[in-house]
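K.L.:
Quick one: this structure, given as structure tokens, is what I'll be asking you about.
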Amino acid sequence: MNKLTPLATIMVSAALIAQTPLQPLPQFTASAGQVISIVREAVPAKPFSVVGPRGALLGQQDGSYEGWIFPWKIFSDLRITAEMKDYPVPIDVNQYAAFIDVQPDHTTITFAHANFTIRETLFAPQSPQDGAGALAFYQIEAVRPMVLTFHFVPEMKRMWPALSDDRPSPEWIPTGKSGFYVLHLNFPDHAAALAIPDSHLGIFPPYQERPKNYPLDFVLPFDPATDSHKVFPLLMAVANTTQTATSSALSARLHLLSEQFQSLYQNNQEYYRAFLDSQLRIETPDKKLDAAFSWAEVAINQLRVQTTPRHDETALVAGFYGSGDSARPGFGWYFGRDALWTLFAVNSYGDFQLTRNELEFLVRRQSPEGKIIHEWAQTANLVDWKSLPYEFASSDATPLFLMAMNDYYEVSGDLAFLQSNWQAIARAWSFETSHDSDGDGIYEDTEGSGWVESWPPGMPHQEIYLAALDQQASSGLANMARATGHAEISDAAARRARHIEQQIEKEYFISAEQFYAFSRNANGSVDASPTIYPAVAAWDGTLQLLQPSAMLSRWASSEFSTDWGTRDLSPKVSFYDPISYHQGTVWPLFTGWVSLAEYRSGRSLSGYAHLMQNADLTWAQDLGDVTELLSGEFFAPLGRSTAHQLWSSAMVISPVLRGLFGLEWNGATTTLTISPQLPAEWAEAKLLRVPIGNARADIEFKREGTSLLVRIVGGNAATVHLQSHSPGATGESELRIPLPSAEIGIGSGLPEPGSMTSRLKVLDQRLLVRSLVLTLSAPGNSHQVLFLRVNDRNIKVHTEDAKIKLGESPLGTMEVDFPDGSGYMEKKVTLRW
């Protein structure tokens, strides 16, 4: 008797599997209910994204979508039509998209027709088999028998910038009464396979027919008498070797996916339930803000993508949006500065492994001179990436690397990680300090763009954005060098930080405008364009601009502040363009910078307004995610705005924790500094699982008359030390923070799509000994209502500038009428007691 070799056995087994038809799956529970979910009426023009470590399904809320198994775009524009028995009208199923249910582990779109209900559920497995990364399944109910046709366009394009073959050559592989498609390319080492069990071939012109591109079809007969309790998966797999790209090997892969389908789906549920149960959570009177915060954590986590082809690294990509006719799905590849801005949020909620993975990813790609990458494509290994102008296109990733590394150390206390990466840290520091062509002691744009990638007056020599990062990176380096025993380097870095702080005041402040300039030219002159970029100076708390008051008031005004975020450039500038990329649009990133700057300067009302604008964007476009940029004039995202954008979601988290709650960390000593500025309408709040060193702490905030009590509850109360910058704060294990006798609060909420700016703006707030002075701005002849909290019930609050309404509760209202006039009008309101 002849014995088969192991390879021959595998080949025979694969051949036998290839002849076995795929079967629908038995019905299973599509959702066990996640901690958070968004259920809304489907809006066909709005996008959705389902993203995992190895694949994505990107589409519109009408249920059409494209499929990616990284780095391949497998198909696009999947749509469904239905033909019902004795009902001679074809039905465009996508026109009947009724509602969308978004949960961290999956998205379901329900199509509702008088004859049928179809649920399309899409998910991206956390631990997929090699070559698979995104899956979908369909649950169908109907009155009459019908035939569903799933139309799609075969693509087989590699993600930008790798070259792709021409259109794939599809082959239908019959198995019994059904079969599957193989999408071949001109060379035998790449192919993909797609299948829907029980479906058969649609339009498929023979070779002899004139060349013409048709969409491919899965034609699925459905009889409610026999098929109502079946689940019909859309299975897809990709192969990247000659051995795995055969029809039999791909068939075996599809069968394996079918066998594991339910467990892959359930693993996704369990993963995200465990993820949300392990990260920091906020509990406030505003349940929508609580949900936005958790969604921001999920949105960041979903953008972890494994590198190809070996899948041996995981790092953050910038974001996703449907690619349309291109091979660029938003910014679905790795960006240095996008990830580094995001790590401040990741550190804050305590996913230290994600931070370490990202920093190590960047260290492995650091230039020999020490520069940190701007971007790294998923297909960088397939092109001469270093010859293209993208890898080191920006200057800012290098100081941001030092800032993020220091922030990780401050929160985690992980000295060993600093020590193991000290050479990379030192190289980055050397690069930053050696690029100063004009001798002013500040890092410059000479090695790539700082922030702007285009600027009509001409590209800047040195932006205040970059100067502010240099100062904060220098402060961070001083801290890390001191912790690792490099005293001389620490002293030099601290001196550099002090020098840069002085130079910014000397070189950038424009006294006539009471504003800080956008950039400094090589000859010492400045570009005085009023921008949002000086807000970066307040990011980590080590740099304080000395004269920001007038600038902060302008940022809070309708000149910069729309009702959905802050413009980056004043409309008073001649080249302002509200639909450009850099000259007048609203980025949630900028809104987050400004919100934190406002909280750090004690302007909590405007800080809260901007914080909530970012949080509310969670429900505005790609549900659960925050978009990249919006018009500076009308409430609408730009057409090419990446809808699931990494750092936009991060700017929900950082202003909440570092601004509103005022958290600062010293992980080495397990000390939390808490300087909160809670909204007036909140009586209490909680932070659960705040990371600090190796510990996690639950923190409770509770008003008691004219004090805010802050304490740690639970098992770590004895190991975590508390302190505060709030004036008059006392205590260690428990903080008692004095509250003003009266406080004002403002409402929140985004306008209707297409609206222009019309909400109240708080330009300034000043708390004096027995009064609160507010500078407000609102449309002329408008009536505005604010919250008023009286913490000291023994006093009488009065004002001549507004109408006060108080009852038995500490919380009442203050109504303000604004004078007639076109546009926004200002009014000063003084509360006295």
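The values are calculated or read from the model by the stated rules, or taken from the named source; none is laboratory data. This structure is a prediction, so every number in the text was calculated from the model and none was measured. Neighbour counts are summed over all protein chains in view; Cβ atoms, including those assigned to glycine, are modelled from backbone coordinates with ideal geometry. Surface areas here come from the heavy atoms of the whole protein model, side chains and all, with no ligands, DNA or RNA. Shrake-Rupley method; radii C 1.70, N 1.55, O 1.52, S 1.80 Å.
K.L.:
Do we have residue 273 as open to solvent by 10 Å² or more (accessible area, probe 1.4 Å), over 26 Å from residue 379 (Cβ atoms) and either out of contact with any Cys (no Cβ under 7 Å at 6 or more places or on another chain) or β-branched (Val, Ile, Thr) (or both) here?
P.N.:
When the stated conditions are applied, residue 273 passes them.
K.L.:
Now for a separate question. Being under 18 Å from residue 27 (Cα atoms) and in contact with a Pro (Cβ under 9 Å, 6 or more places away or on another chain) is the filter; apply it to the stretch 241-259 and report the residue that is least open to solvent (accessible area, probe 1.4 Å).
P.N.:
257
K.L.:
Now a separate question. Residue pairs, Cβ under 7 Å, 6 or more apart or interchain, first in the stretch 622-651 and among the hydroxyl-bearing types (Ser, Thr, Tyr), second open to solvent by 10 Å² or more (accessible area, probe 1.4 Å) and outside any loop (DSSP other than H, G, I, E, B). List them.
P.N.:
Short answer, once both residue conditions are applied: 627/637; 642/331.
K.L.:
Hey, can you tell me all the residues within the stretch 739-786 that are open to solvent by less than 30 Å² (accessible area, probe 1.4 Å), outside any strand (DSSP E or B) and more than 28 Å from residue 637 (Cα to Cα)?
P.N.:
Passing the criteria: only 741.
K.L.:
Now a separate question. Looking only at the stretch 49-95, which residues are under 20 Å from residue 223 (Cα atoms), in a strand (DSSP E or B) and touching a residue at least 40 places away in the same chain (Cβ under 8 Å)?
P.N.:
Within the stretch 49-95, 80, 81, 82, 83, 84, 87 meet the criteria.
Every residue, every condition in (1) open to solvent by 10 Å² or more (accessible area, probe 1.4 Å); (2) out of contact with any Pro (no Cβ under 8 Å at 6 or more places or on another chain); (3) farther than 30 Å from residue 29 by Cα, yes or no:
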residue: 183; (1), (2), (3): no, no, yes
residue: 209; (1), (2), (3): yes, yes, yes
residue: 214; (1), (2), (3): yes, no, yes
residue: 218; (1), (2), (3): no, yes, no
residue: 223; (1), (2), (3): yes, no, no
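K.L.:
Counting only residues that are open to solvent by less than 10 Å² (accessible area, probe 1.4 Å) and either under 23 Å from residue 494 (Cβ atoms) or of a type in the set (Ser, Thr, Tyr) (or both), how many does the stretch 441-476 have?
P.N.:
Of the residues in the stretch 441-476, 16 are open to solvent by less than 10 Å² (accessible area, probe 1.4 Å) and either under 23 Å from residue 494 (Cβ atoms) or of a type in the set (Ser, Thr, Tyr) (or both).
K.L.:
Checking residue 596 against (1) outside any helix (DSSP H, G or I); (2) out of contact with any Asp or Glu (no Cβ under 8 Å at 6 or more places or on another chain); (3) buried (at least 20 other Cβ atoms within 10 Å of the Cβ), only one condition comes out false. Which one?
P.N.:
(1)
K.L.:
Continuing with this model, one more query. From the list 123, 187, which one is under 21 Å from residue 308 (Cα atoms), of a type outside the set (Ser, Thr, Tyr) and modelled with pLDDT under 95?
P.N.:
187
K.L.:
Do we have residue 628 as under 13 Å from the mean Cα position of the chain (by Cα) and among the charged types (D, E, K, R) here?
P.N.:
yes
K.L.:
Can we say residue 490 is among the polar types (S, T, N, Q) and either in contact with a Lys or Arg (Cβ under 8 Å, 6 or more places away or on another chain) or assigned to a loop (DSSP other than H, G, I, E, B) (or both)?
P.N.:
Taking the combined requirement at face value, the residue satisfies it.
K.L.:
Could I ask something else about it? Given the options 289, 303, name the one that is buried (at least 18 other Cβ atoms within 10 Å of the Cβ), at pLDDT 95 or above and in contact with a Gly (Cβ under 9 Å, 6 or more places away or on another chain).
P.N.:
The match here is 303.
K.L.:
Within the stretch 725-733, does at least one residue satisfy the condition of being under 21 Å from residue 675 (Cα atoms) and of a type in the set (A, V, I, L, M)?
P.N.:
The answer is yes, given that some residue of the stretch 725-733 is under 21 Å from residue 675 (Cα atoms) and of a type in the set (A, V, I, L, M).
K.L.:
Which of the following residues is under 20 Å from residue 748 (Cβ atoms), out of contact with any helix residue (DSSP H, G or I) (no Cβ under 9 Å at 6 or more places or on another chain) and at pLDDT 95 or above: 700, 684, 633?
P.N.:
684
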